[in-house]
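Below is one structure, written out as structure tokens; comments come after it.
The values are calculated or read from the model by the stated rules, or taken from the named source; none is laboratory data. Not measured: the values here are computed from a predicted model. Every residue, glycine among them, receives a Cβ derived from its backbone with ideal geometry; neighbour counts consider all protein chains shown. Heavy atoms of the whole protein, side chains included, go into the accessibility calculation; ligands, DNA and RNA do not. Shrake-Rupley method; radii C 1.70, N 1.55, O 1.52, S 1.80 Å.
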Amino acid sequence: QVQLVESGGGLVQAGGSLRLSCAASGRTFSISAMGWFRQAPGKEREFVATINWDSGNTYYADSVKGRFTISRDNAKNTVYLQMNSLKPEDTAVYSCARRDSQSSTYNYWGQGTQVTVSS
């Protein structure tokens with residue numbers, strides 16, 4: 001079984017910061033990439049950021065570029081999301097996801113952690 005466990009969500013005022021963590025465990029194929037997604041109330045889930053596990057190459061949604069930073073610890077199978085200059089529109093449930101070497105899409109997902117930004 002593969003399990004993703006997220007932590008670090010919470011309530012913060014606009015302009016503040018949060019750091020999310022997600023640790024992957026369980027037996028599966030090697031990690032190809034890990035990423036973060038979010039879903040705000042009444043809206044579709046959207047892509048936030050991803051990182052390639054071998055190269056460390058990163059990619060961000062335009063809405064968070066320059067404010068959020070994704071990073072990883074390969075040895076611990078853990079991905080992080082540093083969120084700065086938070087805005088009320090960043091309020092959402094944030095989920096981490098894992099893509100292994102046998103899939104072209106994210107095939108394992110965490111339970112999500114709530115991030116609430118007050119104005």
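For the list (1) touching a Ser or Thr at 6+ places or on another chain (Cβ under 7 Å); (2) within 16 Å of residue 17 (Cβ to Cβ), I need the number of the one condition that residue 68 fails.
Here residue 68 clears every test but (1).
If I go through the stretch 81-119 residue by residue, how many of them are touching a residue at least 40 places away in the same chain (Cβ under 8 Å) and over 25 Å from residue 41 (Cβ atoms)?
6
Is it true that residue 108 is touching an Asp or Glu at 6+ places or on another chain (Cβ under 8 Å), at pLDDT below 95 and not charged (D, E, K, R)?
yes
Yes/no per residue for (1) over 23 Å from residue 114 (Cβ atoms); (2) at pLDDT 95 or above; (3) over 14 Å from the mean Cα position of the chain (by Cα):
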{"site": "14", "(1), (2), (3)": "no, yes, yes"}
{"site": "32", "(1), (2), (3)": "yes, no, yes"}
{"site": "62", "(1), (2), (3)": "yes, yes, yes"}
{"site": "74", "(1), (2), (3)": "yes, no, yes"}
{"site": "91", "(1), (2), (3)": "no, yes, no"}
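Find the residue count for the stretch 1-15, including only residues that are open to solvent by 60 Å² or more (accessible area, probe 1.4 Å), under 25 Å from residue 100 (Cβ atoms) and of a type in the set (A, V, I, L, M, F, W, C).
Number of matching residues: 1.
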